[in-house]
Structures are given as structure tokens and as C-alpha cells.
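Heads up: the structure comes next, in C-alpha cells.
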Amino acid sequence: MKKLTSNEIRKLWLSFFASKNHQIIAGANLIPHNDKTLLWINSGVAALKPYFDGSKVPSSRRLVNVQKSIRTNDIENVGVTNRHHTFFEMLGNFSLGDYFRTEAIKWGYEFLTSKEWLGLPVVKLYFTYHPSDTETREEWLKLGIPETHIIPAESNYWEIGEGPCGPNTEIFFDLGQDKDPTNKGTLLLEDDIDNERFVEIWNIVFSQYNAKAGVKREDYEELPSKNIDTGAGLERIASVMQGTVSNFETDLFLPTINKLEKLSKTKYNDYVVSYRVISDHIRTCVFALSDGASFSNEGRGYVLRRLLRRAMLHGQKLNLTKPFLSNLVDEVIVAMESFYPELNENAAKVKKLIEAEENRFLRTLKNGERIVRDLLEKNKKLTGQETFMLYDTYGFPFELTREIAFEYNVELDQSDFTKHLEAQKERARKARSDSNSMQRQSKDLLSFVMPSLFDEKACELTTNVTALFKDGIRVKEDDEVVEAIFSATPFYAESGGQVSDLGQVSGTDFLGNVVSLFKAPHGQHVHKIEILYGTLKEGMEVTLTIDQAARNLIKQNHTATHLLHQALNVVLGGDANQAGSYVGSDYLRFDFTHDKKVTDDELAQIETLVQQYINASIPLEITVLPLESALKLGAKALFGEKYSDDVRVVKFGDISLELCGGTHVENTSFVTNFAIVSESSIASGVRRIEAVSGLKAYEHHKKAETFVKRLANILSVKDNQELLSAVRKLRDDNEHFSRELKKLKMTQLQNIAKEISYEKVKDVNLYLNYYRDFSREDLMTLSDFIKEKDESALIVLLAPTEKGQVIHVAVSKKMTTKYHAGKLLQTVTKHFGGTGGGRPDFANGALTKNVKIDELNNYMKELLDA
């Protein structure tokens, strides 16, 4: 068997699928772009979602890549097992409506077994498939795979909610009988049991069905465009090709482990778990930081902070009590730079970020760990309030508290901690506006009068720190979170509905993120800065750099807001006055006075008019005038807003004239596109429009266009006019068939009521039955029909639900003087488990477990005989 380096495996992968006419595409940045559902790119397909859901058309129907990924859902397993990682590389090949099962399986087999490629022995490979997917089984048999190596497994189905789904097939490498001490063999695969014998190295998802809530899997409709999503783990393939016990002994990790042995003067084999945790977590941090992430207390920044701190705790077990992780950055780069040259470019910055975070954590540890251990030794337990206090006061993460508690055999209640955390967040939300107000009214801020120039046209400028504040109190320096005023700034401070600019502050051995701004009492822009490394000091010279891409998007949206305001006046009349707005980089929101819903036709007119203003290429004009003069010119002002004597007037030709301090594009044509996303009521007489501009507007229209095309394809029509007729016909047919189905159902229930048998118990006729495909309403209708024909009926009917059974009890009117349906049901649910109740003549409820019909029948007879 060949011995291949990790980089040789990557190159072979890309070369192989390029030979099969796949376009090689670069792996995506770890930070998702325009996808708020993901914290990180966590798989090969994650960055390609727009292609799979049809919202974007790929440049090729066949794609291949190597995708760096981060997953931290099972962090506790990292270091303990041979295969778990927080950062990993996924080798992917994808078909988007092109080839399908036959080619994907054949090429997977060829790449793995051909001597030209990996050359793995077939006898060592095992293949799993979903039992319903007999086509896949046949494909493997055609390739000569022995039946004993093709294993059915119920877990082989990829489905996450509604949408594309399908069976998958997985390929495993057999590490040998000695890794199977209980001699379970292929049962390990069939029952999906964690084990060290079979290493999954390949997974092909056949995305061919459309999952829909309430529909059985076997009844899912087939997708019109079937896709292939293949994922192969580089770390696992490297371990197989290099003949190592675990992924950590491969060339991907060995440079880091070797350096760690030198730093700690310990041996890997003596501290396997700690070495693995450190080498895994430092790799994740290096890649994430290089891709633009940073340490923080929220979101992905908190994930990185947790990883780094976890690695440092394991470092302490190796007697590494001082910062050491920054010394491992070069070793990570050595292992990875041949495929990821950008790591070298960002190495200096990454080292500084990690070293600064290590120093912060050592300060945290000094306070927090001492308190944790004191509490544990004194009380032998920790309450949720205590763990929250450690987190809130000392910045000591719950996860680290839990790891220390584990040493004392103490189990923590995370739900209790979470309860205190949520209560604190709610208090913070309620106090936020007051807090901001208090900051701005602080004595130090009120007394600071040195001016600060706002340079709207600059994207980057060198300036000096004129003042620093911490919670409203002036300070000379800080190395964590601080508010700063500079002699000049390009950063816009949130006002007039427009959000603040974001960006960075840099200087000699200093880097910080500008995360928000507000205006001080005397108008200076106050920058809230999260310091990544170094110390910010008064008088220090720094460079301020705004996020230019975000600024451009904000300028587009703000200009579009002005054009929208005018279009509303034209279409709806002059009563459509601004009542609030939001302008960000992702979308715009405009609130306006109007006493009725805006019709679809009116929205279409408004959207078209804004697009016409954009296409007219109207230049921006900005002047500063006395307020009275500006109002005489007809400039629009926001009702209730307080303006200074001199105001900034923003003008776009004869279209828009408004008092505004925000940022705008130099010409309306720079907005490029506009799309209304929604229109709604937010208060009596106040409506809200949400819209997008630029590329997002184009994507919005393109997505709608793609949807219409796919719908037309499904309905086999040629143009939109035919599509409208087809949908109307579909609606009419559906209503017709629904009526017919209802009639048939009623006839069925009447026939069942005529034929259903009963058992005489004392003075009642007991009707008791189970109906697999009936709803609660069906049971009620059936019982009504039974009561119509039998004055002595006592009816108990069951139907299944996802979590148990529906139960309906009914009593004929004549018998309600002796039997109460509601009370009978309560007695039944109390005995079998469940809830319910109702009137004397009928009652409804639910059983929490599936009760056998004979068991219920016997119980009812005992109940009636009592």
C-alpha cells in the first residue's frame, strides 16, 4: 500500500476528479458568507448551499474541492478518540443535476482502489447502504464487491428537516480483528456502533427526494434535479495511507506534537489526551484567526476563546504554566502551508492574537480557578448561581468550571447556570438604553470638549488617541475593552437610522476591533474597541481602517432609502411620511405613515420607480445650509427630530431633497438594483417596508426567477402567463378533490358505523376500536354516526400520533345520566398515562404510550363492571 503525505492526497483528489470533468474550486473561508444559520463552514457542502437549493447557478454542474471545516458539537470527544477533531478538511466532489448514483459509486471505487490513485486493497473495504436503497447495493455488487462486505444500515439516510434528502452510502477501512475485542464484526457497521476497527473514509449522499413534514419517507416525491454530495475525511485517509494508529500521528499533527514535546519536556505517549487536545485546538485557532475571526465573548469568538482556554488547561498538565500556544503556530503552518500559503501571510498577526489571549486567560485563571477549587473543597458542590458568578464576575467559562469540577467528581447543573445567564441577559436588555445614556452623561465625557474631525471620504487614516474611557470614566490606557476618541476618524457613528461603521485600529504591537460607536455629549465619535493584542494609550498614534465593503453596502442602502421615500410619495401620495428607519449593510427598513395596506400593484410601482431613479444616474449633491433655508427649499425633515442651526442637505437632482447626516453613494447608478422584500403593519397608521439593494437585490430577484422556472418545469408550462393559469387550475382541482375526498370519507365513516361490532357490558354497548389512518376529527364524526343508530352506546376510539395515541370517548345522550365521557377519559388516561377531558357526551385526550387494544378493552370492562 502506498505511503502518501497529506498534500499528495489532496493533489490526487483534485487531479482525479478534474480528469472526470469536474471544475476545481477553492475552499471557502471558514466564516460563512451571507449565511446566518451557520457559525462556521462545517462541511464541504455548507459553502455550496446556494447551488443545491437552486438560488444560484454554478459555473459547472461538476465541482471538486478541499474544504476546511470547523465543528465543535462533540468537543468532549476530541483527544479521547483517535478520529475526532474541531478543525478538519473535507475532500468533496459534487454533482448538481448532472451524474448520479452509478458514476459516483464507480469513481469512488476507482479512486480508492486503483494503483494509479490510492491503491487500497479491496479486501480491507466495507460498504454500507440504507436497506431501502437496493440500487446502491446492486451498484457495489456490479463492481465485484463481495456480499459480505456490503452492509445494510438504517442510519444511512441524510435528512435534516424539510427539503432535499436521500439515502447515503459509506465506505469504511478495516483496521483489523485486533481492534474488535468483542468480535462483533460487521454488526458494528449495521448497528452504527462507535468502534476503532472500521474507519469511515468516504460518504456519498444521494440527494434525490424532497422531505415534507407529515409525509412518510417512502412517499417523498423525487427531486426534479438530483444531486451528489461526497465527503471524504482527509485526516482519516491520511491515517490509513500513513499506517498510523490515529489521525494525530500523521504529518498533519506530528510537527506540532514534536514541538510540544520539546517545550514541555514530556512525552506524547505519557499524556496522549492532552497532546491531542492541544494540537487539535491550536490548529483550529490558527486557521480561524487567519480567516478573520477573533477572540470574544460571543458567537464564533467565544468558541475560539473556549478552545484556546481548554488547550491551556491541558498545557498545565504538561507543566506549561506560561503562554506557549503562540509558539506552536509555526508548526501548524509547517504542516499546512503547502496547500494554504495564506497562513504564512497572517502568521505574525495570529501569533500576537493568541499570545494576548493566553495572557488574558492566565489572569482569569489566577482568580477564577482559585475560587472554583476553594468552593469545591469547602462545599463539595457548585450551584448554578456560583458557576454564573464565576462566569459573570471573573470571565471564567462554564466549560472550564465543569472540567475542574469533574476532578472532584462533582456534576454541574448546566440548566441552572443557563437560567441565571438568561436572567442576566434580560436585565442587560432592559438596562441597555439607560446604560448608554449614563455613559454619555458621565462627568468625564461631559467635560471632554476637544474636537474630533469626522472624515466621511476617508477609508483609512492615521490619527492620535485624544481620550480613553472605561464605563464612562477616563483612563490612560487599557488592554481589553475601551472607548476611544481620536483627533480624526473615518468611522460613522450610529445615528439617523444608519448603523455604525465597523473596522480596526492598529498601531505598533497593537490591534483592536471597532465594534460600535456613539456620539459623545459634544459630538465626538466614541469608538468601542475590543483589543485583540497590545495596549491602547492616550496620545498613541494609530491607524483607523473601516470595513470598506460594509460601508459601500450601507451607502447603497441609505441612498435607496431616500429614493424609496420619494417613490412612496409619488405612488401613495404626500401623506406617506417617514416614521423611522434602519440602514445596515444587509438590508434597509423604512417606516412610514399610511392608513391601509399597500397593494401588490402599488408595491410593484414603487419598486419600478426606485429602479428608474437608479438607472437615471443622478449625482449626489451635499450642502450645509441654515435650517430655515433648507426647509424653504423643500428639504424633508423627520418629524420630531431636533436639528442644529446649520444642517446637512442631501440632494439627488429633482428626485430627493432631505436633511440627513448619513453616508451615500456619489451617483444613484451605484445602487445598481433594488428589491422590496416585505411590507407590513407595525402600528395603527404606520406601515413598514423592508428592502435590499445592490447584489442582494439581484440575488433576491434571481431567486424568485429560479423559483418560477422550477415551478413552471414541474407544471410543464412554457411561460409565466400559462403558469398562473396552471396554478389556478391546480387550486380549483385541489378544492374539488378535497370536497370529493370529504364526501368519500363521510360515506366510509357511515359504512363503518353501520358495520362496527360492539360488546354488551352491563347496560351499555361498548364500541372499542383502533384506526391507523384516522384523525381526531374522523373519530369524532364516526362516534356521532354510532350514537345516531344506538341509544345505548359507549364509544372508545384510538388513532396513532407521532408521540403516542389520540383517544376519543363518547356516550349516547340517553346514557349520560349514568356515564360521563369526560370522567371516564380522565380515569383511562390516569391509568395508562396521558391527558384529556370533556363533556358528559364526548371527550378527547392523548395517551403518551401505545396501548394495545385488548389491554384497553379489558380495562374498560373492569371499569364498567365495578
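Multiplying the residue separation of Val686 and Ile31 by 0.36 nm and subtracting their alpha-carbon distance yields 232.0 nm.
Histogrammed with a bin width of 10 Å, the alpha carbon distances of the range 742-866 distribute as 14, 49, 33, 4, 0 percent, first bin at zero. Across the options Leu794, Ile756, Gln826, the greatest Cα extent toward the positive end of the charge dipole of the range 748-843 (unit charges at beta carbon of Lys, Arg, Asp, Glu) belongs to Gln826.
Measuring spread by the Cα atoms of the range 84-227 yields a radius of gyration and Dmax of 15.9, 48 Å.
Compared with the rule-of-thumb size 2.2 N^0.38 Å for a compact globular protein, the range 647-796 has a Cα radius of gyration ratio of 2.06. With a simple spin-label model that places each label point 7 Å from the Cα along the Cα-to-Cβ direction, the separation between Gln414 and Lys537 comes to 4.4 nm. Here Tyr770 and Arg739 are evaluated by their C-beta separation; at R0 = 30 Å the FRET efficiency comes out at 0.60. Each other residue within a Cβ distance under 12 Å of Arg137 adds +1 if Lys or Arg and -1 if Asp or Glu, for a net charge of -3.
Summary of packing: across the peptides 192-199, 559-566, 581-588, the per-residue average of other C-beta atoms within 10 Å ranks them, highest first, as 559-566, 581-588, 192-199. Considering helices alone, the calculated mean residue ellipticity of the chain at 222 nm is -13000 deg cm²/dmol, with DSSP H runs of length four and up weighted by -39500 (n - 2.57) and normalised per residue. Evaluated at q = 0.17, 0.21 Å⁻¹, the base-10 log of the normalised Debye intensity for the range 663-715, with identical point scatterers placed on the Cα atoms, takes the values -0.71, -0.84.
The simple spin-label model puts a point 7 Å past each Cα toward its Cβ; for Thr134 and Ala458 those points are separated by 7.4 nm.
Shown is the FRET efficiency for Lys443 and Glu76, computed with R0 = 45 Å from the Cβ-Cβ distance and rounded to the nearest 0.05: 0.40.
Quick one: check the C-alpha center-to-center distance for the range 746-765 versus the range 566-628, whole angstrom. Going from one Cα centre to the other spans 67 Å.
About its Cα centre, the dipole of the chain is roughly 960 debye, where the only charges are +1 on Lys and Arg Cβ and -1 on Asp and Glu Cβ. When the P(r) is computed for the range 780-819, the part past 14 Å accounts for 46% of the Cα-Cα pairs. For the range 16-85, the spread of Cα positions along the three principal axes, ordered from largest to smallest, is 41, 32, 17 Å. Per-residue Karplus couplings for the range 613-624, computed as 6.51 cos²θ - 1.76 cosθ + 1.60 with θ equal to phi - 60°, are listed in order as 4, 5, 5, 6, 6, 8, x, 7, 10, 10, 9, 10 Hz, Gly and Pro entered as x. Cα-based radius of gyration for the range 812-860, normalised by 2.2 N^0.38 Å, reads 1.15.
Summing +1 for each Lys or Arg and -1 for each Asp or Glu among the other residues whose beta-carbon sits under 12 angstrom from that of Gln556 gives +1.
Expressed in units of 2.2 N^0.38 Å, where N is the residue count, the Cα radius of gyration of the range 265-366 is 1.03. Modelled spin-label separation between Ser225 and Glu8, with each label point placed 7 Å from Cα along the Cα-to-Cβ direction: 3.9 nm. Taking the average, over residues, of other Cβ atoms within 10 Å as the packing measure, peptides 235-241, 488-494 rank 235-241, 488-494 from highest down.
Each Lys or Arg adds one and each Asp or Glu takes one away; over the other residues whose Cβ falls under 9 Å from the Cβ of Ile529, this sums to -2.
When both the range 126-145 and the range 239-280 are represented by their alpha-carbon centers, they are found 37 Å apart. For the Cα trace of the range 214-294, dividing Rg by the Kirkwood Rh returns an Rg/Rh value of 1.24. When you count the other C-beta atoms within 10 angstrom of each residue and take the mean per peptide, 712-720, 779-787, 294-302, 154-162 line up highest first as 779-787, 294-302, 154-162, 712-720.
In summary, the convex hull built on the alpha carbon positions of the chain has an orientation-averaged projected area of 47.5 nm².
Counted over all Cα-Cα pairs of the range 581-726, pairs farther apart than 20 Å make up 61 percent. Where Rh is the Kirkwood radius over the Cα pairs of the range 122-202, the temperature 25 °C and the viscosity 0.890 mPa s, what D in µm²/s does Stokes-Einstein return? Taking Rh from Cα pairs, D becomes 185 µm²/s.
Here the gap between Thr706 and Thr182, fully extended at 0.36 nm per residue and compared with their Cα-Cα distance, gives a gain of 183.3 nm. Between Ser19 and Asn850, residue separation times 0.36 nm minus the direct Cα-Cα distance comes to 293.6 nm. Here's the picture: charge each Lys and Arg Cβ at +1 and each Asp and Glu Cβ at -1 in the chain, and of Val515, Ser447, Val499 the one pushed furthest to the positive end of that dipole is Ser447. Under 5 Å from the amide H of Asn765 lie the amide H atoms of Ala793, Leu794, each residue being 5 or more positions distant or on a separate chain, with H modelled from the backbone and absent for Pro and chain starts.
Averaging the Cα positions of each part gives two centres, and for the range 699-716 and the range 373-421 these lie 53 Å apart.
Put simply, the amide H of Gly838, placed in the peptide plane, has neighbours under 5 Å in Gly822, leaving out anything fewer than 5 places away on its chain. Could you calculate the FRET efficiency of Ile752 with Ala423 from 1/(1 + (r/R0)^6), where r is the beta carbon distance between them and R0 is 56 Å, rounded to 0.05? Efficiency for this residue pair is about 0.55. Amide H to amide H, with H built 1.01 Å from N, Leu461 comes under 5 Å of Leu544, counting only residues 5 or more places away or on other chains.
Per the Debye calculation on the range 298-432 with a single equal scatterer at every Cα and no solvent contribution, log₁₀ I(q)/I(0) for q = 0.09, 0.16, 0.18 Å⁻¹ amounts to -0.34, -0.89, -1.03.
Rounded to the nearest Hz, the phi-derived 3J(HN,Hα) couplings of the range 546-563 under the Karplus curve 6.51 cos²θ - 1.76 cosθ + 1.60 (θ = phi - 60°) are 7, 6, 5, 4, 5, 4, 4, 5, 5, 4, 4, 5, 5, 4, 4, 4, 4, 5, where x marks glycine and proline.
For the range 654-668, the Karplus equation 6.51 cos²θ - 1.76 cosθ + 1.60, evaluated at θ = phi - 60°, returns couplings of 8, 8, 9, 9, 9, 7, 7, x, x, 9, 9, 6, 6, 7, 4 Hz by residue, with Gly and Pro reported as x.
Largest first and in whole Å, the equivalent-ellipsoid semi-axes of the range 157-297 read 37, 23, 13, each the square root of five times a Cα gyration tensor eigenvalue. A probe of 1.4 angstrom, applied to the heavy atoms of all protein chains, finds Thr383 with accessible area near 60 square angstrom. Across the range 97-124, no residue has a backbone nitrogen under 17 Å from the label position 7 Å along the beta-carbon direction of Ile193.
Taking every DSSP beta bridge that has both ends in the chain, the antiparallel portion is near 90%. Just how many % of Cα pairs in the range 190-240 lie over 16 Å apart, if you round to the nearest whole percent? Within the range 190-240, distances greater than 16 Å cover 62 percent of Cα pairs.
The values are calculated or read from the model by the stated rules, or taken from the named source; none is laboratory data. Keep in mind it's a predicted model, so treat the numbers as computed, not measured. Every residue, glycine among them, receives a Cβ derived from its backbone with ideal geometry; neighbour counts consider all protein chains shown. All accessible areas refer to the heavy atoms of the entire protein, side chains included, with ligands and DNA or RNA removed. Shrake-Rupley method; radii C 1.70, N 1.55, O 1.52, S 1.80 Å.
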